[in-house]
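Some notes on the structure that comes next.
The values are calculated or read from the model by the stated rules, or taken from the named source; none is laboratory data. Quantities reported herein were computed from a predicted structural model and do not represent experimental measurements. Using ideal geometry, Cβ is built from the backbone for each residue, glycine included, and neighbour counts are taken over all protein chains shown. Only protein heavy atoms, including side chains, enter the accessible area calculation; ligands, DNA and RNA are left aside. Shrake-Rupley method; radii C 1.70, N 1.55, O 1.52, S 1.80 Å.
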Amino acid sequence: MLFDKLTRLLGDALRPKPEYITVTPVTDSQPAPVLPPPEALPRHVAIIMDGNGRWATSRGLPRSAGHAAGTEALRDIIRASDDWGIGALSLYAFSTENWSRSKEEVAALMGLLLKYFSSEIDELDEKNVKITILGDVDGMPEPQRQALLSAMERTGDNTGLRLNIALNYGGRAELTRAARLLARAAKDGEIEPDDIDEDAFAAKLYTAGLPDVDLLIRTSGEMRTSNFLPWQLAYAEMVFDDCFWPDFDRTHYMKCLAIYAGRDRRFGGVKGQTPSTTA
Ligand code: IPE
Ligand code: IPE
Ligand code: MG
C-alpha cells in the first residue's frame, strides 16, 4: 500500500508540467530582475493589492495594521511607476464587495484613505501625477468624497503619470453604468443606437481615453480578477505574485515587468502571416 502510494507520488513529481500553463508565479529562485527597456514596458499596469489581512494575521496583528502597511507599499510602487515612465497605473483599493466587511475594518480603511490623500497629494501634484478615481465617488462617506473630488480637481490638468485609484469600484457596475449612459444619450436623440460600437462604449467607462490594461498584477497568490476592470483587462497579460501586498516592493514590481516583457502577445494572430482582413 505504502509502496504504491510512494510510487504514485514520485510519478506525479517527475511528470513534466504541461506547457500550456502560462501563469508564471514569481518565486525567489528567479534571477535578479532588470528593468526592461522603455519600449517593452506596459503602457497601462493594473494591480490588485491583495493580502493585507493575511500579512497582519500571520504576525499576530489586527487586520487594520496590514492595511496601514499596505499603504506604505503603495507609496513606493506609485513612485517607482513614475520613475520608470509607466504611463498609467490602476490600483484596486476598495471594491463594492468590500462593504461587506466588518464596521471596524471598513472604518479603518476609510480612515487610512483620508490620511493617505492628505499626506500624499502635495508630492503627487508636484510630480505632475493626474489622479482619477474609478468607481462611485458619490457613494463614499462625505469626508472621503470631498477629499477624492478635490484630489481629482487639483491634479486634473497634470500631464504625467495617470494614477487611477479604484474605490467603491465594481466592474459589472461600471459596465451597466456605461450602458445606462448610452441608453440615455440614445433616448435624448444624441446618438443612434447603431452608432454604439466598442469605442463609444469605452468612452463611457471610468478609464475613458486611456489605453487598455497591458499588465495585471495580483499579489497574495489568489488567481482571480474579483470584478476588477472586466472590459479593460480583455487582453491583459496576468502575473500573480505569491507575496502579500505589504511585502510587494520595487524588486517584485520589476520582476513582474520583466515577466511581462518576455511574454508573446499575439492578439489572436499568427506571427509572420499577412492578415486576411483588417478587423
Ligand atoms: C486587500 O487586502 C485590501 C483590500 C481588499 C481593501 P485584504 O484585506 O483583502 O487581505 P486578505 O486577502 O484578507 O489577506
Ligand atoms: C480585491 O480583493 C479587492 C481589492 C484588492 C481592493 P478582495 O480580497 O476583496 O477579493 P476576494 O474577496 O479575494 O475576491
Ligand atoms: Mg483579499
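Tabulated values for the structure
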{"item": "Full-extension gain in nm, ASP138 to LEU181, via 0.36 nm per residue minus C-alpha separation", "result": "13.8 nm"}
{"item": "Gain in span if fully extended, GLU190 to ALA32, counting 0.36 nm per residue against the direct Cα distance", "result": "51.4 nm"}
{"item": "Computed Rg/Rh of the chain, alpha carbon atoms with Kirkwood Rh", "result": "1.02"}
{"item": "The range 58-160, relative contact order [Cα under 8 Å, separation at least 6], %", "result": "28 percent"}
{"item": "Accessible area (Å², per residue) of the chain, counting only protein heavy atoms and a probe of 1.4 Å", "result": "56 Å²"}
{"item": "R0 of 35 Å, Cβ-Cβ distance THR57-GLU123: FRET efficiency to nearest 0.05", "result": "0.65"}
{"item": "Alpha carbon centroid spacing (whole Å) that separates the range 63-80 from the range 166-218", "result": "30 Å"}
{"item": "Neighbour cut-off at most 11 other Cβ (10 Å), DSSP loop, trypsin sites (Lys or Arg not before Pro), the range 137-245", "result": "ARG224"}
{"item": "Loop-located chymotrypsin sites (Phe, Trp or Tyr not before Pro) in the range 212-279 whose Cβ has at most 12 other Cβ within 10 Å (DSSP)", "result": "TYR235, PHE267"}
{"item": "Span-like helix ranges in the chain, DSSP H, alpha carbon extent 30 angstrom or more, Kyte mean at least -0.5", "result": "103-126"}
{"item": "The chain: relative contact order as a whole-number percent, Cα under 8 Å and 6+ apart", "result": "29 percent"}
{"item": "Contour excess over end-to-end distance, with Cα ends at SER102 and ASP249 and 0.36 nm allotted per residue", "result": "50.1 nm"}
{"item": "Hull shadow area, averaged, the range 113-190 [alpha-carbon convex hull, nm²]", "result": "6.2 nm²"}
{"item": "Apportionment of accessible area to carbon and sulfur, the chain, percent (1.4 Å)", "result": "54 percent"}
{"item": "Debye intensity ratio in log₁₀ form over the Cα atoms of the range 128-279, taken at each q of 0.13, 0.20 Å⁻¹", "result": "-0.83, -1.41"}
{"item": "Pairs of lysine residues in the chain - Cα separation under 24 Å, sequence separation of 8 or more or cross-chain", "result": "7"}
{"item": "Nearest-0.05 FRET efficiency for ALA173 and ASP197, computed from C-beta distance (R0 30 Å)", "result": "0.85"}
{"item": "Exposed GluC sites (Glu not before Pro) absent - longest run of the chain, DSSP non-H/G/I/E/B, at most 14 other C-beta within 10 Å", "result": "20-189"}
